[in-house]
Amino acid sequence: MGPKAKKSDGKKKKITKAERLKQLQEEEEKRLKEEEEARLKHEKEELERLELKRVEKEKWQKLEAKDRERRNEELEELYFLESCYPKAEKLKRDIRVLSRWKHYVQCDGTPDPSVPQEVNTFISLWKEETNETFEEVIKKSKLVLNLIEKLKSILLETPSYDLQEKNIEQYQGSILELQELLHLKFNTATEILLRQASTLADLDSGNMEKIIKDDCVTLYVWANLKKNARYKSIRFSETQIGFEIPKILATSDIALRLLHTHYDHVTPLPPAPAPPDVAGAPATPEPGKDEEQSAEPAAGAELQEGPAPGEESHTAGEDELRAEEDGGAEGRGSFVQEEAEATKYQMEMKLLSETVIAAQLLLVKNAHEKPEYFEENEVDLCQFTVLGGVYHLDILELPPQYKPVKGWMMVEIPKGGLQKYVYPPETTEDFETENVFPPIEVMLQVHENVIFFEEPMVARWDSEGKRWRTDGIRNVSYNSEERLVTFSLEAFGPVTLIQDSHINMPYLSWELRPLQANEVLLTMTTVFTELQIQIKENLCTLASIKLKNKEHFSILQGKWMTPITFATALKEVGLNIFPTSLSHFYVVVNNKVPMVEMKAYRQMALLSCSFAFSWSKWNVHCDSNKVIFKVAEHLSEEPIPPSSWDLLLFTSERAQRLKITEYSQAYSEALKAGTEFHSNLFHLVKDFSSEAAIEKVRSTNCLLIDSVCQMLLSIRLLSYS
């Protein structure tokens, strides 16, 4: 038997108690050392942080102190620049007065719509005219429509603070009278036309078909002379417009009329806007002018107590004494009068400035009350818009026809004029309504100048409730290529097509950039379209429009209009980018404080001739009392490189450049290195702009600035994008 194997030398040696204590002691020392190092590092970092914070605070305090020192001077210069707004308002008043004077001296026989006596005389004289053909009524209707448009323009373009309540009632009353008279004339002319139906009958069908087209009105009329039960499908020649009628109508003595008025005289007029609260107007302060402001009432009182211009200021007993001093007195009197006139002008402009600011602020204020309750199937006109005019669908009783009698054409003229055929009859207990009086299928052509981004909704007019409704209409279909709407209607009456007013809201992006001298281009991009609006002095036009990234022609392109008229025209063709005070109930908006928004638009408009402004994604990340957008100097026609844009943050009290860019990963309001903040946009951009750009700002036409501001206030691109 061999020797026993020795125990392995690799067996772990047992650690003694002393060694273990030493190891623990080393570990504890190491831990304490690491903790001490960490503590020292943390203290160092904290000291560095506090030092950095102290330096930043000192730097910020210096910037604030510097801002306070120059604030009065800056706001005084801004106040001077913003005097262009009351000047523009005064010019627009003069333009309105001049327009009325030109109409007066023109003396062409057309009435002045703002003078009720002239409008009433025109209405009375036209009522006396009888036996007018449809073509004659259409010719006269152009004058009537022009008068209505002028009255609407007066109500829209005249500031609410310049309109008295009695004037508003007068203008709205004249509009309603003219609308009613025009429709009455169309009915009378239709009756005269239908009396001649037998003489205008088609040789093939034996029935009468007539189409009369004009810029504002299109008439389609069909008279059932043969009463053939198999002739139930009616199509007007060279169109797809027509009706599918039931047998009971095909055998009745009736006429079908489709009167398409390209305007809407059915929807009630909107209420006139309330005048702004001028007393509470947040007028732009005039820094450094406190003493002058406190002295102004005294100057005004002195002006009122003094003699009026041209009024004698001395008694007859003083004539001889004053005759010797005429030379000096006349000079002093002239100087005093000029000074009084200057003071009066300053007071007038100051009051006008406050009134304009109050009106502008009113444009961006949201309504605090929700819209009234609407019944089921009732169209909410705060949410939807009537587009393409109104289709007046009527089933008419065929009037007696002309008959030849001994070389004369005789006709019986019944009392009451044109009579409507009641379909379905009011009493239908003895009939199965669906079988005997089924709905009538109607095919309508959408107006060529109107854009529908979605399938249009069809609504009928409820004459009793004075509202549009969607019930009583079935089987609606829309062929977008042929622009043909087909539907079934239970009872005839006025019908229209409607679209969501906010379909283009919120906007995806926007850009405002200068063009030539006193010209600006505003580009609005929505989900469906891209609009380019060109602004020149006090006029606007649609420069271009893209649908699905393709150029689209619009009748508005190249037509120059005032901003308010232009906005109305855009809405009428389906390009609504103008929110109302109630739109925030229907659109998810990035709501901003009205004062901040209004001030931003005013100052952007001031700079719009030299600087480009654009949308920023960070605008939705900041508070409601702040707005963020991009700005770049732009004096040439070349595109703006991305690196040229600066990101600005604006509040009602301050404007600053931001450290972040449009491509930064996180939002921050840190000030850009090496920059300062200012009390307004003008003095902020002065820090990084050329002298040529600033000089151009100072020399810009006040009407252009006012028009740009008015467009920005109407579109509200800082809240609705």
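Here, each number is a calculation from the coordinates, and none is a lab measurement. These numbers were taken from a predicted model, which means no experiment stands behind them. Cβ coordinates were reconstructed from backbone atoms using ideal geometry, including for glycine residues, and neighbour counts include every protein chain displayed.
Rounded to the nearest 0.05, the FRET efficiency derived from the C-beta distance between Lys90 and Phe688 at R0 = 30 Å is 0.30. Against the main long axis of the alpha-carbon atoms of the chain, helix 165-195 sits at an angle near 40°.
Shown in residue order for the range 366-377 are the 3J(HN,Hα) couplings computed by the Karplus curve 6.51 cos²θ - 1.76 cosθ + 1.60 at θ = phi - 60°: 8, 6, 8, 9, 6, x, 5, 5, 10, 5, 4, 6 Hz (x for Gly and Pro). Eigenvalues of the alpha-carbon gyration tensor of the range 1-155, scaled by 5 and square-rooted, set the equivalent ellipsoid semi-axes at 104, 34, 10 angstrom, largest first. Using R0 = 51 Å, the C-beta based FRET efficiency linking Val476 and Leu176 works out to 0.95. Lacking any other cysteine beta-carbon closer than 4.7 Å, the following Cys residues of the chain have no compatible partner: Cys107, Cys216, Cys382, Cys540, Cys609, Cys622, Cys709. The C-alpha atoms of the chain define a longest principal axis, and helix 563-572 lies at about 70 degrees to it. For the pair Leu143 and Ala272, a Förster radius of 22 Å applied to the C-beta separation gives a FRET efficiency near 0.35, rounded to the nearest 0.05. The modelled label-to-label distance for the pair Val105/Glu36, using points 7 Å beyond Cα in the direction of Cβ, is 10.0 nm. By how many degrees, 0 to 90 and rounded to 10, does the Cα axis of helix 17-81 deviate from the longest principal axis of the chain? Long axis of 17-81 versus the principal axis of the chain: about 50 degrees.
Per-residue extension of 0.36 nm, minus the Cα-Cα distance of His621 and Phe528, leaves a gain of 31.0 nm for this segment.
Once fully extended, how much extra length lies between Tyr667 and Thr251, figured as 0.36 nm per residue of separation less the alpha-carbon to alpha-carbon distance?
Gain in length upon complete extension: 142.3 nm.
Put a dot 7 Å past the Cα of Asn591, heading toward its Cβ, do the same for Lys17, and the two dots end up 7.8 nm apart.
Amide H contacts under 5 Å for Leu515: Val520, Leu521, restricted to partners 5 or more places along the chain or on a different chain, H placed in the peptide plane at 1.01 Å from N.
Fully extending the segment from Gln346 to Thr486, taken as 0.36 nm per residue of separation minus the present Cα-Cα distance, adds 44.2 nm. Along its principal axes, the range 528-616 has C-alpha extents of 37, 35, 25 angstrom, given from the largest down.
A simple spin-label model places pseudo-atoms 7 Å from Cα toward Cβ; at Leu50 and Glu136 they are separated by 9.9 nm.
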